[in-house]
1. I'd like the full set of residues that are out of contact with any helix residue (DSSP H, G or I) (no Cβ under 7 Å at 6 or more places or on another chain), at pLDDT 95 or above and either in a helix (DSSP H, G or I) or away from the ligand (no atom under 16 Å from the Cβ) (or both), limited to region 122-148.
2. Could you please find all residues in region 34-65 being touching a helix residue (DSSP H, G or I) at 6+ places or on another chain (Cβ under 8 Å), under 21 Å from residue 120 (Cα atoms) and not in a loop (DSSP other than H, G, I, E, B)?
3. Quick check on residue 228: is it at pLDDT below 95, over 25 Å from residue 151 (Cα atoms) and either buried (at least 19 other Cβ atoms within 10 Å of the Cβ) or out of contact with any Cys (no Cβ under 9 Å at 6 or more places or on another chain) (or both)?
4. Just one of 219, 201 is surrounded by fewer than 15 Cβ atoms within 10 Å (Cβ to Cβ) and either closer than 23 Å to residue 38 by Cβ or not small (Gly, Ala, Ser) (or both); which is it?
5. When the residues of region 62-88 are filtered to those that are over 17 Å from residue 108 (Cβ atoms) and charged (D, E, K, R), which remaining residue is farthest from the ligand (Cβ to nearest atom)?
6. Need pairs with beta-carbon distance below 7 Å; first residue free of Cβ contacts under 8 Å to residues at least 24 places away in the same chain and within region 29-46, second in a helix (DSSP H, G or I); sequence gap 6+ or separate chains.
7. Looking at (1) surrounded by 22 or more Cβ atoms within 10 Å (Cβ to Cβ); (2) closer than 20 Å to residue 39 by Cα; (3) acidic (Asp, Glu), which is the only condition residue 147 fails?
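The values are calculated or read from the model by the stated rules, or taken from the named source; none is laboratory data. Small disclaimer: the values here were computed from a predicted structure and weren't measured. Cβ: placed from backbone, ideal geometry, glycine included. Neighbour counts: every protein chain shown.
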Amino acid sequence: MNKKIEKILKKKNKSKIVSLTAYSKNIAKILDNYCDIILVGDSMANVLYGSNSTHEIDLDTIIKHTISVKKGVKKSLLVVDMPKGTYNNKKNAKMNAKLIMKLTKCDAVKLESNNNFNIIKELVSSEIPVMGHIGYTPQFKKKFNIEGKSISAAKKLLKEAKLIEKAGAFSIVLECLAPNASSLVTKNISIPTIGIGSSSYCDGQILVSDDMLGMSGFYPKFVKKYASLNRIIEKAVKKYTRDVKKGKFPLKKNFLNGTKLR
Ligand code: KIV
């Protein structure tokens, strides 16, 4: 088994798993020092490409961004979202997952759950590590919902999680689960759960980096904004604009004389 995955599995009930998304090398390089898992999420459709839905990201795009991210990753486990429509059946799932793994050299793929346990099984038996994803699964659910609020709904989520575990996934993302459901699932499966909007009862947490950095403008209750990069960038751009207009940039020291670039 992949050593990085072994390390993640050992964290269950011992220490929390830290995870964030990345779509390019520079940010991945920073995350790599801190994150156990870096996800190249299909959330890039919204965050990077301004789409209203994650459905608009295709295989080529996610592969290109992962190739960039991989250049910044040494230690973290690199997981890639399989875009909608790329794992409809065993055959196309296997072909596309193999392509992602081969071209990006990532460690694993993530599949949103849609009764696709046999597809997870197929990938795992082809030595492709799989992360599952239950709860609010934007690729398959039209409407946002907090999942697992009633006891029966929570039990249904647990059943789904158990089937994903049985199919061979090494961990599961729990997206927007009610706290009791997160706790029920986390306590009753042996693989780690990674929560987003799913309380602190999970084995780890993931957020979309652009949200927690204050870049995306998307700040639901479950996101904690750790920085306001939008404001920092705006301040810098304002300063630059002023300098250019006033002839304060470039200065003589910025001129390229002779042969040296630096
Ligand atoms: O695409 C993504 O960023 C995700 C996270 C929300 C888990 O799937």
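1. 125, 127
2. Once the filter is applied, which keeps residues that are touching a helix residue (DSSP H, G or I) at 6+ places or on another chain (Cβ under 8 Å), under 21 Å from residue 120 (Cα atoms) and not in a loop (DSSP other than H, G, I, E, B), region 34-65 yields 37, 38, 40, 54, 55, 59, 62, 63.
3. Working: at pLDDT below 95: no; over 25 Å from residue 151 (Cα atoms): yes; either buried (at least 19 other Cβ atoms within 10 Å of the Cβ) or out of contact with any Cys (no Cβ under 9 Å at 6 or more places or on another chain) (or both): yes.
Against the criterion (at pLDDT below 95, over 25 Å from residue 151 (Cα atoms) and either buried (at least 19 other Cβ atoms within 10 Å of the Cβ) or out of contact with any Cys (no Cβ under 9 Å at 6 or more places or on another chain) (or both)), residue 228 does not qualify.
4. Numbers: 201 fails: surrounded by fewer than 15 Cβ atoms within 10 Å (Cβ to Cβ).
Among 219, 201, only 219 is surrounded by fewer than 15 Cβ atoms within 10 Å (Cβ to Cβ) and either closer than 23 Å to residue 38 by Cβ or not small (Gly, Ala, Ser) (or both).
5. At the first step, the residues of region 62-88 found to be over 17 Å from residue 108 (Cβ atoms) are 64, 68, 71-72, 84-85, 88.
Those still in the list that are charged (D, E, K, R) too: 64, 71, 84.
Numbers: 64: 16, 71: 20, 84: 11 Å.
Result: 71.
6. Pairs found: 44/65; 45/54; 45/56.
7. Of (1) surrounded by 22 or more Cβ atoms within 10 Å (Cβ to Cβ); (2) closer than 20 Å to residue 39 by Cα; (3) acidic (Asp, Glu), only one is false for residue 147: (2).
Okay, residues lined up against (1) within 21 Å of the chain's Cα centre (by Cα); (2) within 16 Å of the ligand (Cβ to nearest atom); (3) among the polar types (S, T, N, Q):
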{"position": "170", "(1), (2), (3)": "yes, yes, no"}
{"position": "173", "(1), (2), (3)": "yes, yes, no"}
{"position": "189", "(1), (2), (3)": "no, no, no"}
{"position": "196", "(1), (2), (3)": "yes, yes, no"}
{"position": "201", "(1), (2), (3)": "yes, no, no"}
